[in-house]
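Take a look at the structure below.
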Amino acid sequence: MKYYVIADIHGYYSKTVEALRAAGYYDDPAPHKLIICGDLFDRGSEPLEMQEFVLDLLSRDEVILIRGNHEDLMEDLVEDLPYIMNSGLPYTHHYRNGTVKTLLRLIDAPLVDALARPKYYANKMKQGKFFQEILPLMQDYFETEHYVFVHGWIPADALPGPNPSMYFPIEDWRHAGEAQWKAARWHNGMQAAKCGVLVPNKTVVCGHFHTSYGHARIEGKGSEWGEDADFSPYRAEGILCLDGCTAASGIVNCAVLED
């Protein structure tokens, strides 16, 4: 089977289509599937187009969806929404990560109405296509003979802090609990692979962390965010990372794999 693999498309529907077209996805007559390694929405301005794109692929059984940390953020926001007005807490991460913007576009609601009637709009989102038809079909991982597809990385122990420098393998990661998989969706796969958290005889294909990190900090090539930053796929022993940080680079990386 041939797999076209993308990650962290974040509502950039047009850029996604461009990347797939350039990779030959639309002209390929052989059996093939698209794998999306998480984070469908939250940065770009085309979440509705992206939602319809994914639903069409699902209707034809042509896509495998991996759950990302931004799917978790959306679920958290919808659960939090009824309490935002009463709590007085500044839910800045929901705004900073673009999750609020995505929710408002998917349910076609102005922010003032969502804040005034949060319970109503939270329920409206729960009854929408994303929660009813897409989210239930998203997987923690997908595995073939030679590849494991995840969002951040496979479950692992990590040093405390938002950007751990050390990761340690855990036993039987395939049967990790929900909390472990949720944490793994935030892992920096490039750093974890550098620490030796790998799957024997397989390549882990991931997203979540911008590939310029691996090129700059691990390979020592260019800068992480400057004009010489490299957002092309990052490859090393046991890892293929695809997050091109489309919001910064305008790039959606697409890998074509056969297995």
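Observations on the model:
- Distance-filtered residues of the stretch 192-230 - backbone nitrogen under 12 Å, label point 7 angstrom along residue 146 Cα→Cβ: 202-203
- Rg followed by Dmax, in Å, when the stretch 143-185 is reduced to its Cα trace: 10.9, 34
- When the convex hull of its Cα atoms is viewed from all sides, the chain shows a mean projected area of 14.1 nm².
- In a fully extended conformation the segment linking residue 96 and residue 163 would gain 22.4 nm over its present Cα-Cα distance, using 0.36 nm per residue.
- For residue 35, the amide hydrogen comes within under 5 Å of the amide hydrogens of 4, 5, 6, 64, counting only partners 5 or more places away or on other chains and with H modelled in the peptide plane.
- Percent of alpha-carbon pairs separated by more than 16 Å within the stretch 20-77: 53
- Our estimate of slack between residue 219 and residue 232, defined as 0.36 nm per intervening residue step minus the Cα-Cα distance, is 3.4 nm.
- The modelled label-to-label distance between residue 55 and residue 2, using points 7 Å beyond Cα along the C-beta direction, is 2.9 nm.
- Note that the stretch 49-60 has calculated 3J(HN,Hα) couplings of 5, 5, 4, 5, 4, 5, 4, 5, 5, 5, 5, 9 Hz, one per residue in order, obtained from phi through the Karplus relation 6.51 cos²θ - 1.76 cosθ + 1.60 (θ = phi - 60°); glycine and proline are x.
- Taking θ as phi - 60° and the Karplus parameters 6.51, -1.76 and 1.60, the scalar couplings of the stretch 67-75 work out to 6, x, 5, 6, 5, 5, 4, 5, 5 Hz in sequence order, x denoting glycine and proline.
- Shape annotation for the stretch 104-201: C-alpha extents along the principal axes are 50, 32, 20 Å, from largest to smallest.
- Note, ³J(HN,Hα) from phi for the stretch 197-213, Karplus 6.51, -1.76, 1.60, rounded to Hz, x at Gly and Pro: 7, 10, 9, x, 6, 9, 9, 8, 9, 9, x, 6, 10, 4, 5, 4, 4
- Viscosity 0.692 mPa s, temperature 37 °C, Stokes-Einstein D of the stretch 70-135 from Kirkwood C-alpha radius, µm²/s: 279
- Annotation for residue 30 and residue 123: the two label points, set 7 Å from Cα along the Cα-Cβ direction, are 5.1 nm apart.
- Formal net charge of residues neighbouring residue 200 (Cβ-Cβ distance under 15 Å; K, R +1; D, E -1): -3
Quick note: the coordinates plus some simple rules give every number you see, no bench work behind them. Since the model is a prediction, treat every value here as computed from it, not as a measurement. Please note: Cβ atoms are built from the backbone with ideal geometry, for glycine as well, and neighbour counts cover all protein chains shown.
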